[in-house]
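Q: Sending over a structure as structure tokens; questions will come in a sec.
Values quoted throughout were computed directly from the atomic coordinates according to the rules given, and no laboratory measurement underlies them. Everything quoted here is computed from the prediction, not taken from an experiment. Positions of Cβ are backbone-derived with ideal geometry, glycine not excepted, and every protein chain shown enters the neighbour counts.
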Amino acid sequence: MTEVAWTLAIFIISYAFLIFEKGNRALVAVAGGTAMVFVGVLDLNAAFFQYVDWHTLTLLLAMMILVLVTSQSGLFEYMAIKAAQFVGGRALPLFFLLAAMTAVGSAFLNNVTTVLLLAPMAMKVTGMLNVPSLPYLLAIILASNIGGTATLIGDPPNLMIGQAVPELTFNDFLVHLGPPVLVIFICVMLGLACYYRRSLQGDPYLRNRLMNMEAKAYIKNSRLMVKSVSVLTATLIGFTLQPFLGVELTAIAMAGALLILFISYQEVDTEALYKDVEWVTIFFFVGLFILVGGLEEQGVIDELAQSLIYATKGDVPTTSLLILWMSGVLSGFVDNVPFVAAMIPIIEEFEQFGVVDLDPLWWSLALGACLGGNATLIGSTANVVVAGLAAKAGTPFSYMDFLKIGVPVVFLSFIIATVYVLFRYLLMY
């Protein structure tokens, strides 16, 4: 077998095991990555230092530590009760509130940070109201990917596009991607609420009991809460000011995690804390990065990207819509970062065809790559993180549970995005 054949065989087999949940997902992903190295598809140095995104993993680990320390203070129980009381303990308004908070947070922070903060709240309050947590967790996942599409810093593909095209500012992303994102968010959440309407009724007795709860009683350690909230707030402010500070998001998150461990060592058992880290999620991503790295090393992703030019012969409208759908479909099954990295120089080559305005191509790439992450459970970092938190809390959901919601959501999202791109950018052609 050729190296390309080995690469495709290992990738397809690994994903089949992941889709049908045959074995621990971290073990499957790492085994697939190891097989890539073993058969010579890529060497170990390339696997670890070129394709594994240590920035993402370190950011994820740092935020897990921040959230774990904060959770020991009882803050999430307090916030969950307050959020539920704000909407009168009603399950349906709470559903929309958590979804809106997630979308806004993902637009101005990042997906991982937002879901790490809100998913624990959702699981706490659904337990108190005795309603299924699945609709709320799905809403948080979908809203995080939709909201992250709206801004330059919301999702990694947008950040990569912004770095490649300096003239596209933060406001440009918000103005051009904000309108379709708002429409998609409203349509998706209304549809999801209708689909799960029977699960979003709630028990009147439990609702009344929750309204009479004293939220402050759930604060376990007020001193730790003050410390953790201060550090967490400072970290989130650092994320917001990152473009002005010129410091990597990962460095800001690391500083926050180290600071919170340093100032809370008297209240927190650090050894026990490390045991609570979602190591399964961390190692799953290591394996996944290597699996996708094998595709990139053998030029599979480059070939897919370059085939766009040959298929469309440089026609901007056709290419724009093809990029939107192709990047969306692929982002549901492989990490969108390497695909976007391959697409950026391809789009830049369109200038050689005499295309002056490349904006329709950039916005199509951003919409497809970001929204496509909602298709499958492994399409986005946020999806995997929430699934890991749910499994640890004893309320797991499967790949197929997510797929039957994710695919219709992505299809609807792409229809709306297609209409938007067509009428705003392509009618002139």
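Q: Residue separation times 0.36 nm, minus the C-alpha to C-alpha distance between residue 404 and residue 318: what's the value?
A: This chain segment gains 28.1 nm when fully extended.
Q: How compact is segment 54-284 by the rule of thumb for globular proteins, expressed as Cα Rg over 2.2 N^0.38 Å?
A: Expressed relative to 2.2 N^0.38 Å, the Cα Rg reads 1.05.
Q: If the cut-off is 18 Å between C-alpha atoms, which aspartates and glutamates fall inside it for residue 275, apart from same-chain ones fewer than 8 positions away?
A: Straight-distance partners of residue 275: 267.
Q: Using a ≥ b ≥ c from the Cα gyration tensor of segment 3-50 (square roots of the eigenvalues), is it rounded, prolate or oblate, where a/c under 1.5 gives rounded and otherwise the larger of a/b and b/c decides, a/b for prolate?
A: Oblate shape, in that a/c is at least 1.5 and b/c is the bigger or equal ratio.
Q: Regarding the chain, what are the three Cα extents along the principal axes, ordered largest first, in Å?
A: That works out to 66, 49, 44 Å along the principal axes.
Q: Between their Cα atoms, which of 82/404; 216/392; 22/82 are more than 30 Å away from each other?
A: From the list (82/404; 216/392; 22/82), the Cα-Cα distance tops 30 Å for 82/404; 22/82.
Q: Going by a ≥ b ≥ c, the root eigenvalues of the Cα gyration tensor, does segment 73-142 fall in the rounded group (a/c under 1.5), the prolate group (a/b larger than b/c) or the oblate group?
A: The shape class here is prolate.
Q: Enumerate the helices in the chain for which the Kyte-Doolittle hydropathy averages -1.0 or more and the C-alpha atoms extend at least 30 Å along the helix's axis, using complete DSSP H runs.
A: The qualifying helices are 170-195, 399-421.
Q: Continuing with this model, one more query. Give me the net charge for the shell around residue 79: Cβ to Cβ below 15 angstrom, other residues only, Lys and Arg +1, Asp and Glu -1.
A: Net charge in that neighbourhood comes out at +2.
Q: Order these by the 10 Å Cβ neighbour count, fewest first: 25, 207, 197, 90.
A: The most exposed by this proxy come first: 197, 90, 207, 25.
Q: Give the order of 370, 194, 187 when sorted by the count of other beta carbons within 10 angstrom, beginning with the fewest.
A: In order of increasing Cβ crowding within 10 Å: 194, 187, 370.
Q: Please give, to one decimal in nm, the separation of the simple spin-label points placed at residue 87 and residue 392, each 7 Å out from Cα toward the Cβ.
A: Placing both labels 7 Å along Cα→Cβ, they lie 2.5 nm apart.
Q: Hey, another quick one. Give, in nm to one decimal, the length gained when the segment between residue 348 and residue 169 is fully stretched (0.36 nm per residue of separation minus the Cα-Cα distance).
A: This chain segment gains 62.7 nm when fully extended.
Q: In addition: Can you list the HN-Hα couplings for segment 265-270, worked out from phi with the Karplus curve (6.51, -1.76, 1.60; θ = phi - 60°), rounded to whole Hz and with x for Gly and Pro?
A: Values per residue, Gly and Pro as x: 5, 6, 9, 10, 7, 4 Hz.
Q: So how much slack lies between residue 208 and residue 303, counting 0.36 nm per residue of separation and subtracting their Cα-Cα distance, in nm?
A: Contour length minus Cα-Cα distance gives 28.3 nm.
Q: Counting Lys and Arg as +1 and Asp and Glu as -1, each charge on the Cβ, what is the dipole of the chain about the Cα centre in debye, to the nearest 20?
A: Using Cβ point charges on Lys, Arg, Asp and Glu, the chain gives about 2080 debye.
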